[in-house]
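The values are calculated or read from the model by the stated rules, or taken from the named source; none is laboratory data. The structure displayed is predicted, hence computed values, not measured ones. Every residue, glycine among them, receives a Cβ derived from its backbone with ideal geometry; neighbour counts consider all protein chains shown.
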Amino acid sequence: MAQPLAKKDDDRDDEAEYSPFIGIEKGSVLQEARVFNDPQLDPRRCSQVITKLLYLLNQGESFTKVEATEVFFSVTKLFQSKDLGLRRMVYLIIKELSPSADEVIIVTSSLMKDMNSKTDMYRANAIRVLCRITDGTLLTQIERYLKQAIVDKNHVVASAALVSGVHLLQTNPEIVKRWSNEVQESVQSRAGLVQFHALALLHQIRQNDRLAVSKLVTSLTRGTVRSPLAQCLLIRYTSQVIRESGQNTQTGERPFYNYLDSCLRHKAEMVIFEAARAITELSGVTNQELTPAITVLQLFLNSSKPVLRFAAVRTLNKVAMTHPMAVTNCNIDMESLISDQNRSIATLAITTLLKTGNESSVDRLMKQITNFMSDIADEFKIVVVEAIRSLCLKFPLKYRALMNFLSSILREEGGFEYKKAIVDSIVILIRDIPEAKESGLFHLCEFIEDCEFTYLSTQILHFLGNEGPKTSDPSKYIRYIYNRVILENATVRASAVSTLAKFGALVDSLKPRIFVLLRRCLFDSDDEVRDRATLYLNTIGGDGSVGETDKDVKDFLFGSLDVPLANLETCLKNYEPSEESFDIDSVPKEVKSQPLAEKKAPGKKPAALGALPTGPTSTIDAYEKLLSSIPEFSGFGQLFKSSVPMELTEAETEYSVNVVKHIYDGHVVFQFNCTNTIPEQLLENVCVIMDATEAEEFSEVASKPLRSLPYDSPGQTFVAFEKPVGVPAVGKFSNMLKFIVKEVDPATGETDEDGVEDEYQLEDLEVLPADYILKVGVSNFRNAWESMGPDNERVDEYGLGARESLTEAVNAVINILGMQPCEGTEVVPNNSRSHTCLLAGVFIGNAKVLVRLSFGIDGPKQVAMKLAVRSEDETVSDAIHEIIASG
Amino acid sequence: MANFGTYQESCPSIKNILLLDSEGKRVAIKYYSDDWPTLNAKLAFEKSVFTKTQKTNARTEAEIAMLDNNIIVYKFVQDLHFFVTGGDDENELILSTVLQGFFDAVALLLRSNVDKREALENLDLILLCLDEIVDGGMVLETDAHVIAGKVASHSMDAGAPLSEQTISQALATAREHLTRSLLKAAGGFHVFAFHYGYRLFFAASRPTHTQQVIVCAGLWNSV
C-alpha cells in the first residue's frame, strides 16, 4: 500500500493536528453553499461543500430555521446535476436537514422521478429519503411505487422499501397494512437481507393477530431462512408464539422447541446464541430443555472473542438466578474467566459462580475474589458484595470467611454506594445469622472509627444501640460509641448519645458509667446533642426522678413508630394547642396511596429534625380533612378507611363519575366525584339517588347535593348510610345521577334561566368485606404470628376449583381479603406446585389480623387452600373465614 | 427479566454508531434512538463511553461493555475508536456484526489506511457508509464488501471495484488537486490527490520540491 507522502521535515506544522476541516466556520460554509446556485454546476465542489455542511451538523452545530431553509432550497437545485456522487450527498443532506412539510413539496417531484429511474441506486435512495421526510398525504401518491419497489428484483431497492415500510408503520399503519401481499411475497426472497426486512415488516403488520403470527412462524420454521439476521428474528417470533400458546401441551412436548434446538446447530454464532438465549428464557423451562443451550453457551465461554464470552456469561448469569444447578457444569470455565481482561466479563463470572457455588467451593472462591476486587470499579464491586450476601445467607456455616471478606473490603477505599452495600450486607448477616453477630458488630465498630460518611455512621450507631446491649459483653462497645461523641460532627454525636442511652437502659451494670458519659454531653456545643442527653438522663432516671416504669422507658427507646411518618407529620400540623394532649392513636395508619397533588398543604415548613422527608400529603389525610369539614358527617367518629376511586361511568361519556367509599365504625359515606364534560351545559343540584334494596343492613341518613357543576371542573356529592357498628356489612347499591341541566352558550358563557330536570344511570357499586380491612404490613411476620398466640386461631381448608395458575389463585384471594402481603410472599415462583402466602391487616374495630395461606395445585389445575387466621379477637378470625367462604 | 416481553417481539435495533478520535472527539456519529434527546446528552454519553473504554485493548478483537442499560461493542484502530450501541436486551453478536461491518467497510474505503486524518479527508465516504449500514435503527447491511461497494462505486451494479474508475476520471481529479497545490506552493508541501477513495501518489519516497513540480507539470501536460 502506498504511504502518503507526508514528510516529517517538510510538514511538521501540518502534521501535528492536520484536519481538512481545521478552522471551519458555519458562516463561511453557508457562503460557500452559494455554489449550489451556479448555472454551471461544479459537482466536485458542490460535494465538498455538502461534506462540510454535514461535518458541521455532525459536530453538533445547529442551523437556524432560516439557514436550514436556505440551504435546503439551494440543495434542491442540485437535482439538475447528473453526477452520481453528488446525488448521493444530496440525498444525505436532505435527510439530515429534515425539512418541514411545506418544504418537502419542493423535492417531492425530483425524488419521485428518481424513484422511477433506471438506476437502482437512485431508486433505493430516493425511496429512503422520501419515506423519511414525507407525511401521510403524500404517501398515498407514492404508495403504488413503494409496492412495486417491495418486489423489485434488485434487492437493495426491495430492502429500502421494506425498511421504509417499517418506519412508516409507526405513523401511517393503515397504508402500510395494505402492502401485506407484496411483503408476503418478498419474505420468500432469495436475498437474505430482503427476507430479514420483509419478515420484520410482516410481523409488525400482523403483530396483533396471534393466529397469523403463529402461521407465519410455522411456515417459516419449516422453510428456508437465508440470513442469520432473519433467523434471529424468527427465533424471537417463535418464542413469542411459544409464550402465548401457554404451557406445554398434554404430551409435555413444547411446540417449536425442536426448531429452537435445531438453531443451536446453525453455522452463525449470532443464531446459535439467539436460540440458546431464547431457550433459557422459556417460561418454566425444564432442565432437559436447558441442557443443550447451556452446552453451547459453555463453548462460547472459551471463545477468543470477548463479545462472545460476555454474551454467554451474561446469559448464564441470568439462568443461575432461576436454575443454579443447570449452570454448575460451566463452573470450571467460569473460574478461568475471573482473570479475564474485560472486567465486565470477570464480574459476571464471579457473580454467577457465587450463585451456583456449593459450600465446599466458597473458600477457594473468596481467595480468588480478593485478588480481583482491587482492580475493578465500584459499580462492579457492589454487584459482587450483593452476590456474597446472598451466598452467605445460603450457606450460614460459611459466615466466618464471608464476614472476614466483607470487613476487609470495608477497610479499603471506596465510594459511598459501595460502602453502604457492604454495611447493609453485614447488618443483614448479623440479623439472620446469630453466630455472626459479635464479629459483625465488631467489624462495624472498627469501621465507624474511621468513617467519612455521616449517614453510615448514624445507621451503624442506631443498629449498635439495638443489638449491642444484648451481646455477652456490651461494655466493649462503649469505647467506640463514646469516641464518636468526642470526635464527630453534631449529627453523629446526637445518634451516639441515643445509642449510649440504649445501653444504659438495658444493661444495669453499665448504667452508672453511662450516666457519667451522658452528663458530659450536656455541655456539648450542639443543642440537639444536649437535648437528647437531657431527655435520656431524665427518662432513664439518671437524675433520680423515677417517673416512669422500666417498660415505658424501653418502649420509648426501642419502640418504633407504628404509624407512617408522613401521616404523623400532617396530624401534628393539624393539632391545635388545647387542654387535650396529642393522641398518637388518632394518627391514621393507612399506608399512603397515590399523592393528591392539588391538595398539597401549602407552605410546608421543614420537618423538625431536618431528616424527615417532607412526603406528599397522603390521600387519606385529604379525605379526612374534606369529610370533617362537612357538618353532617362530623359525628361519625374516626375515619377507618377510604377506598380507591372506582369509576361508575364508561370513559368519555357526557358525565364522568367515580366513587370513593369512606368506612366509619357505624357509617359508610359514599363520595361521588363528578365531572361534566359538556361545555354547553351547567348542572345544578347534582345528587346521587342510591337504591339500597340489595343492601339490607344499610339505611340512608344524610345526603349532600352539589350546588352546581360547571364544565370541566370536578365537584363532589355525598351520601351517608348507617350500618351496624363494627360489623362488616356488605351490600350492593344501584345508583342514579339526578340534576338540573341549564344550557350555556360556550362563546359568551351566559347561562339560560330555565333548567330541565334530568337523570343519568350510573353503574352499580358494592361494599365488600375488603373495605373493612386496612392494608397494614408487618416487617417480621413470624414474630408477629408467634406473639399473637394460637388462642384466636381459626384454621380451615377450602377448594378454589380450577385455576389457570397458582399466581392467579393467590392474587384472587389477596384481592378478596384486601390485606397487605408480607415479605414478598405474593410472588409465586414459576412452576411451583405449592405456595405459602402471608398477609397482614387491621380489621374494623382496630383488630390486628394475620393470615397464613397455604396453596396447593394438582394436575388438572384444581387449587386447594388452607387458611389459618390469627387475630386479637376471635370474632374477627371467624369473619375472615366467612369472607372466604362466601367469596 | 423485567423487559421479558418487549425485546423479543422487536427487531434488532441499533441505538447509535460512533466514530471518535483518540481524545474522544467526534469524527462521525449517527444516533438512531431518542434516548439522548439533546446535544449535551449525546456529548455526555460519548464522553462516558470514551472514558470507560479508553484503557481497554480493543485492537485485535472487538470488546464489549455495559453502560446505563446499554451494551456497547467497540474496536480501535490507530487513533480511531469505533462504537456501536444497543439496548441491554439486544443480542450482543448482532451488535458486533454491525460493528465489524462498519469497521471493515471503512478499512476498505480508506484502503487500509485507517486513521483520523484519512477518515476526515474522506468524511463523505464515512457518512455514506453509516447511511448504508443502518437506517433509522434497523440494520440495512452488514457485509463490509457490499457496503463499501455501494459507497464507492456510486452505482449499484454491485461489486464494481474501485479500480474500475476510468483513468480520465482519475486524471481529472489529479489535475484539480495539482492546481490547488501549485497555487499554495509557497512552503513545503506534499502532493497527493484523492477523490472518492481513489488516490494517486506521485512519488513513493521523499522527492525534492523540483521533482514534485516536474512530475506535476508532466502530468499537467499530458492531460
Within the stretch A:510-523, does at least one residue satisfy the condition of being closer than 26 Å to A:Ala436 by Cα and part of a helix (DSSP H, G or I)? yes
Residues of the stretch A:159-182 being in contact with a His (Cβ under 9 Å, 6 or more places away or on another chain) and closer than 19 Å to A:Thr224 by Cα, in sequence order, are A:Ser159
Give the number of residues within the stretch A:272-286 that are part of a helix (DSSP H, G or I) and either aromatic (Phe, Trp, Tyr) or surrounded by fewer than 18 Cβ atoms within 10 Å (Cβ to Cβ) (or both). 1
Report, by residue number, each residue of the stretch A:303-361 that is touching a Lys or Arg at 6+ places or on another chain (Cβ under 6 Å) and surrounded by fewer than 18 Cβ atoms within 10 Å (Cβ to Cβ). A:Ser303, A:Pro324
Would you check if A:Arg782 is surrounded by fewer than 18 Cβ atoms within 10 Å (Cβ to Cβ), free of Cβ contacts under 8 Å to residues at least 24 places away in the same chain and either farther than 30 Å from A:Leu683 by Cβ or not assigned by TED's automatic domain parsing to the domain that holds A:Val659 (or both)? yes
Count of the stretch A:162-178 residues which are among the hydrophobic types (A, V, I, L, M, F, W, C), surrounded by fewer than 23 Cβ atoms within 10 Å (Cβ to Cβ) and more than 12 Å from every other protein chain (Cβ to nearest Cβ): 1
Which residue pairs have Cβ atoms under 7 Å apart, sit 6 or more places apart or on different chains, and have a first residue in the stretch A:308-324 that is more than 9 Å from chain B (Cβ to nearest Cβ) and on the phi < 0 side of the Ramachandran plot and a second that is surrounded by fewer than 24 Cβ atoms within 10 Å (Cβ to Cβ) and basic (Lys, Arg)? A:Ala320/A:Lys355; A:Pro324/A:Lys355
Within the stretch B:65-121, can you find the residues that are farther than 26 Å from A:Cys232 by Cβ, assigned to a helix (DSSP H, G or I) and not acidic (Asp, Glu)? B:Leu109, B:Lys116, B:Arg117, B:Ala119, B:Leu120
Can you tell me which of (1) within 14 Å of chain B (Cβ to nearest Cβ); (2) over 41 Å from the mean Cα position of the chain (by Cα); (3) under 20 Å from B:Glu141 (Cβ atoms) is the one A:Val151 doesn't meet? (1)
Filter the stretch A:344-389 for residues that are hydrophobic (A, V, I, L, M, F, W, C), away from chain B (no Cβ under 13 Å) and over 27 Å from the mean Cα position of the chain (by Cα); the one that is nearest to A:Arg411 (Cα to Cα) is A:Met373
Could you list all residues from the stretch B:23-43 that are surrounded by 12 or more Cβ atoms within 10 Å (Cβ to Cβ), away from chain A (no Cβ under 12 Å) and on the phi < 0 side of the Ramachandran plot? B:Ser33, B:Asp35
Residue list for the stretch A:332-370, filter: assigned to a loop (DSSP other than H, G, I, E, B), closer than 24 Å to B:Asn57 by Cβ and out of contact with any strand residue (DSSP E or B) (no Cβ under 8 Å at 6 or more places or on another chain): A:Ile338, A:Ser339, A:Asp340, A:Gln341
Flag if A:Arg144 is in a helix (DSSP H, G or I), modelled with pLDDT of 90 or more and charged (D, E, K, R): no
Is there any pair with a first residue in the stretch A:635-654 that is in the same structural domain as A:Gln761 (by TED's automatic domain parsing) and a second that is assigned to a loop (DSSP other than H, G, I, E, B) and of a type outside the set (Ser, Thr, Tyr) whose Cβ atoms are under 6 Å apart and which are 6 or more apart or on different chains, and what are they? A:Gly637/A:Asp665; A:Phe640/A:Ile844; A:Leu648/A:Leu762; A:Leu648/A:Glu763; A:Glu654/A:Ile678
Of the candidates B:Val84, B:Val98, B:Val134, the one satisfying the condition of being touching a helix residue (DSSP H, G or I) at 6+ places or on another chain (Cβ under 9 Å), surrounded by 19 or more Cβ atoms within 10 Å (Cβ to Cβ), more than 8 Å from every other protein chain (Cβ to nearest Cβ) and under 29 Å from A:Asp83 (Cβ atoms) is B:Val134
Would you check which residues across the stretch A:283-318 are of a type in the set (A, V, I, L, M) and out of contact with any Asp or Glu (no Cβ under 7 Å at 6 or more places or on another chain) and list them? A:Val285, A:Leu290, A:Ala293, A:Ile294, A:Val296, A:Leu297, A:Leu299, A:Ala312, A:Val313, A:Leu316
Would you confirm whether or not the stretch A:857-876 contains a residue that is touching a residue at least 12 places away in the same chain (Cβ under 8 Å), closer than 30 Å to A:Arg431 by Cβ and assigned to a loop (DSSP other than H, G, I, E, B)? yes
Determine which single condition A:Val75 fails, assuming it passes every other condition in (1) in a helix (DSSP H, G or I); (2) over 45 Å from the mean Cα position of the chain (by Cα); (3) β-branched (Val, Ile, Thr); (4) within 13 Å of another protein chain (Cβ to nearest Cβ). (4)
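Residue-by-condition table, conditions (1) of a type in the set (Phe, Trp, Tyr); (2) modelled with pLDDT of 90 or more:
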| residue | (1), (2) |
| --- | --- |
| A:Tyr91 | yes, yes |
| A:Pro99 | no, no |
| A:Asn116 | no, no |
| A:Arg132 | no, no |
| A:Thr137 | no, no |
| A:Ala158 | no, yes |
Would you point out which residue out of A:Leu92, A:Leu130, A:Leu86 is assigned to a helix (DSSP H, G or I), within 14 Å of another protein chain (Cβ to nearest Cβ), on the phi < 0 side of the Ramachandran plot and touching a Pro at 6+ places or on another chain (Cβ under 8 Å)? A:Leu86
